[in-house]
Structures are given as C-alpha cells and as structure tokens.
Amino acid sequence: MAHTPTAAEIAAARQALAQADPALARAHEQTPVFEWRLRPGGYEGLFHMIVDQQVSVASAAAIWARVVAGLGGVVTAETALAHDIEHLRTFGLSIQKARYAHEIARAQVEGRVDLDRMDGLSDAEATAALVSIKGVGRWTAETYLMFCEGRTDVFPGGDIALQEAMRWADGAADRPNEKQAYARAEAWRPHRGVAAHLLWGWYGGVKRGEIAREEVIMGAAA
C-alpha cells in the first residue's frame with residue numbers, strides 16, 4: 001500500500017541529508033518546505049505517467065481527460081484491453097503509447113507484474129519488474145515508485161533537471177551523466193527520494209526566479 005511521507009518524515013530526512021552532505025545543505029537552506037507529490041498508482045497511475053511523457057502539461061491533461069472519458073470513467077487494465085489499438089488512438093494517444101497501454105495491461109492481467117501489490121518487493125525488485133514491461137523505462141519505473149507508491153529511497157538518475165541541480169550543488173562545470181548521477185546519489189541513502197524532491201524543488205525555484213542562486217565553479221564565483 002502506498003505511503004505518503006509525512007511532513008515530519010520529510011523534514012527529518014532533509015535535515016539528515018544537509019548534515020551528511022554539505023553539497024545539499026545550501027539547497028536545503030534555500031528550498032521551502034514541500035509536500036510529497038503522491039499520485040494514484042496501479043494500472044491507472046503507470047498508464048497516466050506514460051501519457052504525460054514528451055508532451056506539454058496542457059496537452060497531457062487534455063489527452064488524459066479523453067482517455068478517462070473514452071474508457072467510461074474507469075481506467076483499468078481490463079477497460080483498456082476492451083478497446084483495440086486504433087480505438088485507443090482516437091483518444092489522442094500516439095500509436096506507441098496506445099500499444100504501451102496494452103502492454104502494461106497484459107502484464108497486469110496475466111499476473112506478470114501486479115501493480116496493485118508491489119509493496120512486498122524491494123525497490124530494486126520493483127524497478128526490475130516494471131522495466132520488464134515493454135514501454136516502461138528505468139526513469140518511468142523509478143518515478144512511478146516515488147510518486148505512486150511514496151518510496152523515499154528511489155532516485156531517478158536519468159532525470160535531466162536532477163542532473164543539473166546536482167551540478168549546481170557540487171559546483172561542477174559539467175552536468176553528471178546518468179551513471180555518474182546514480183553513483184553520486186549513493187551518498188544520500190536511505191533518503192535518495194527526498195534528495196530528489198529537494199533538488200527538484202531547488203531547481204524549480206531557481207528557474208521561476210523565486211530562489212537566487214550564486215553559481216560556484218571549481219571554487220571560484222561565476
């Protein structure tokens with residue numbers, strides 16, 4: 001069952017991260033309190049994440065509304081499989097995403113991946129189960145586990161915004177690649193998911209002009 005981390009749990013994790021790693025201390029000081037962004041899980045949650053990818057927020061919302069209406073207001077593996085690929089495309093889905101809707105649904109109904117009962121799996125086991133489904137990559141799997149299950153030690157190292165915030169935090173000249181980001185985040189166990197939320201919050205605040213960031217590269221003010 002999904003667990004939404006409480007404000008006290010997030011605050012304690014942030015404090016632990018800031019004390020353990022000076023690179024995160026500045027992000028912690030500058031980033032306001034945030035809530036955990038928990039979304040519905042199961043088939044609906046994973047399918048929704050696929051729909052949201054590679055389109056604007058407004059377009060994703062419009063397409064998802066059409067999907068929900070087209071499936072009669074009930075988004076399940078069974079209702080998705082009740083429509084063929086071409087019919088799913090009439091909701092605004094690309095052919096690829098329509099196919100993924102079926103791939104995820106078949107994994108669910110065939111019992112290969114039970115999206116409603118993943119709490120018995122470790123983070124690594126759950127990630128492996130999700131990426132075994134065609135159309136579900138590692139980033140999707142990890143963000144699903146964070147946002148739909150409330151797992152607090154999952155880190156999507158392939159996320160570009162996180163990589164850029166990590167560059168800021170470390171005062172590095174270059175953004176870490178995916179492999180380097182995963183390696184760097186090892187220092188943040190067992191709170192890597194909270195670290196990700198913290199870095200996202202910092203990155204978003206800077207981009208919106210709400211947080212002033214003095215960039216430091218290799219010890220010299222930029």
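The values are calculated or read from the model by the stated rules, or taken from the named source; none is laboratory data. The structure displayed is predicted, hence computed values, not measured ones. Counting neighbours? That spans all protein chains shown, and the Cβs are built from the backbone with ideal geometry, glycine included. Note: accessible area is taken over every heavy atom of the protein model, side chains too, but ligands, DNA and RNA are not part of it. Shrake-Rupley method; radii C 1.70, N 1.55, O 1.52, S 1.80 Å.
Remarks
- Among Val33, Val75, Val51, residue whose mean-square fluctuation peaks in a GNM of the chain (springs only between Cα atoms under 10 Å): Val33
- Sites Glu35 and Ala124, calculated FRET efficiency, Cβ-Cβ separation with R0 25 Å, nearest 0.05: 0.40
- The protection proxy used here, the mean number of other Cβ atoms lying within 10 Å of each residue, ranks peptides 84-96, 146-158, 197-209 as follows, highest first: 146-158, 197-209, 84-96.
- For the chain, the per residue solvent-accessible surface stands at 49 Å², with DNA, RNA and ligands left out and a 1.4 Å probe.
- Accessible carbon and sulfur surface of region 127-215 relative to its total accessible area, %, 1.4 Å: 49 percent
- Computed per residue of the chain from DSSP H runs no shorter than four, each worth -39500 (n - 2.57), the mean residue ellipticity at 222 nm is -17000 deg cm²/dmol.
- Spin-label model, Glu110/Glu86: points 7 Å from Cα along the beta carbon direction are separated by 2.4 nm.
- Packing order of peptides 113-120, 172-179, highest average first: 113-120, 172-179 (average count of other Cβ atoms within 10 Å over each peptide's residues).
- Each peptide in 100-107, 121-128, 185-192 gets a packing score, the mean of other Cβ atoms within 10 Å over its residues, and the list from highest to lowest is 100-107, 185-192, 121-128.
- Prolate is the label for region 61-219, because the ratio a/c of its alpha-carbon gyration tensor axes (a ≥ b ≥ c) is 1.5 or higher and a/b is greater than b/c.
- Our note on the geometry: Cα centres of region 151-183 and region 28-54, 18 Å apart.
- The shape of region 112-202 can be summarised by an equivalent ellipsoid whose semi-axes, obtained from the alpha carbon gyration tensor, come to 25, 13, 10 Å from longest to shortest.
- Bridgeable lysines around Lys97 (alpha carbons under 20 Å apart, same-chain partners fewer than 8 residues away excluded): Lys134.
- Efficiency of FRET between Thr79 and Tyr182 - r from beta-carbon atoms, R0 30 angstrom, step 0.05: 0.25
- Approximate spin-label separation Glu214-Gln96, in nm, with each point projected 7 Å along Cα-to-Cβ: 4.4 nm
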